[in-house]
Amino acid sequence: MSINRERMVQEFISLVSIDSQPLKERQVADALLKIMQDMGLEAFEDGIAKQIGGDTGNIIAKVKGTLPKKPVVAFAAHLDRVSPGLGIKPQIRDEIIYSDGTTILAADDLAGVVQMLEAVRVLKEQNIPHGDVELLFTVSEESGMLGAKNLDRSLLKADVCYFLDGLGDVGAIINQAPSQDKLKIKITGRPAHAGLSPEKGISAIQVAAEAINNMNLGRIDGETTCNIGTIKGGLATNIVPELVEIMAEVRSRNEAKLQTQVKHMIDGFEAAAVKWGATADIAVHKSYPALNVAADDPAVLWALQAVRSIGITPRLEATGGGSDGNILAGKGLTSLVLSVGMEKVHSKDEYIKIEQLVKGAELLLAIIQQVATS
């Protein structure tokens, strides 16, 4: 395998310099479609843009295999980025790519995009035997994984999908990620004048405070976390607050533990409301399902052997974060998340080493070859 290092660097710099954000990925998507057209790939955009309120749908490309009856492997990355991500001016210092310090770099996730493109180029240029390969570029991952959630699974023929969205040096294979439930809690008390008749009121803030104070929060165990994210309520200091709205989340790689923690929180809010004569209205929403692929699954074994084949010791990991991989796993597609070499993402200090950018492309080629020999 002969990765074209300079080509990768120039393409990465070009793509991160194009503005993109959740629901507004049009410019980078058009550039990507042009690149793939020039590569001779069959690429198309699905029809979810209006559905999610954006200007761009998911992009899917097909690479016809030269070997029949092999498993179909897909690679995926997302096209949007977090703020501040407009007007990125990439800089190279000591073989590392940074932004100019006023924005993020958007290696999350354009590093994955460039690694996918380079792997397919080398596959075609060097006539490497392979089965069918699919490329998926999702939109609005950073704003709730909207692209993946609204993707029509039937558009992909893949048997396995590797999402290129992991932190750290190339070689990490994430086969376990949590499910997440979000809770919206509305505590309703009774208003009263805080100076003249506070005893006639029921403070929704006091009810919420007591409930939260009695809860197990933070890291519950090795698989489970819980967080109270926002609290909004009250109108003025001279009014006993009638209403408080709370947003919270629970994550766990064990669904039973997740449900136990959710029940613990619901019971806590309801008990405090009963004690003070308030009401608690609670809605629970499943944000995404768990990702859990057995260590002996062929998809994991292909990735492990591929990492070893490029001279790296593989790292099989569990994570506490969700990704597009969770969503596709919930749609019945075996999904893993691979690290791409990006560091300090979602900050102005984000960077990626050029050697890691290149290693990522080498790994994708190695995975394709492992699948081809299966």
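Might you let me know whether the range 237-244 holds any residue that is surrounded by 15 or more Cβ atoms within 10 Å (Cβ to Cβ), in contact with a Phe, Trp or Tyr (Cβ under 7 Å, 6 or more places away or on another chain) and in a strand (DSSP E or B)?
Keep residues of the range 237-244 that are surrounded by 15 or more Cβ atoms within 10 Å (Cβ to Cβ), which gives 239-244.
Checking which are in contact with a Phe, Trp or Tyr (Cβ under 7 Å, 6 or more places away or on another chain) leaves us with none.
No.
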Kindly establish whether L164 is in contact (Cβ under 8 Å) with a residue 40 or more places away in the chain, closer than 30 Å to A295 by Cβ and either in contact with a helix residue (DSSP H, G or I) (Cβ under 8 Å, 6 or more places away or on another chain) or surrounded by 18 or more Cβ atoms within 10 Å (Cβ to Cβ) (or both). yes
I'm told I92 meets every condition in (1) surrounded by 14 or more Cβ atoms within 10 Å (Cβ to Cβ); (2) touching a helix residue (DSSP H, G or I) at 6+ places or on another chain (Cβ under 9 Å); (3) not polar (S, T, N, Q) except one. Can you identify the failing condition by its number? (1)
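Residues checked against (1) out of contact with any helix residue (DSSP H, G or I) (no Cβ under 6 Å at 6 or more places or on another chain); (2) at pLDDT 95 or above; (3) of a type in the set (D, E, K, R); (4) not assigned by TED's automatic domain parsing to the domain that holds K344:
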site: Q37; (1), (2), (3), (4): yes, yes, no, no
site: A43; (1), (2), (3), (4): no, yes, no, no
site: Q51; (1), (2), (3), (4): yes, yes, no, no
site: D55; (1), (2), (3), (4): no, yes, yes, no
site: P71; (1), (2), (3), (4): no, yes, no, no
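Identify, from the list A148, A111, A61, A119, the residue that is among the hydrophobic types (A, V, I, L, M, F, W, C) and either modelled with pLDDT under 95 or in a strand (DSSP E or B) (or both).
Working: A148 fails: either modelled with pLDDT under 95 or in a strand (DSSP E or B) (or both); A111 fails: either modelled with pLDDT under 95 or in a strand (DSSP E or B) (or both); A119 fails: either modelled with pLDDT under 95 or in a strand (DSSP E or B) (or both).
The unique qualifying residue is A61.
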Those residues that are closer than 16 Å to I88 by Cβ, in a helix (DSSP H, G or I) and out of contact with any Leu (no Cβ under 6 Å at 6 or more places or on another chain), I need them from the range 1-31; list them, please. V9, Q10, E11, F12, I13, S14, Q27, A31
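The values are calculated or read from the model by the stated rules, or taken from the named source; none is laboratory data. None of the values given here were measured: they were computed from a predicted structure. Counting neighbours? That spans all protein chains shown, and the Cβs are built from the backbone with ideal geometry, glycine included.
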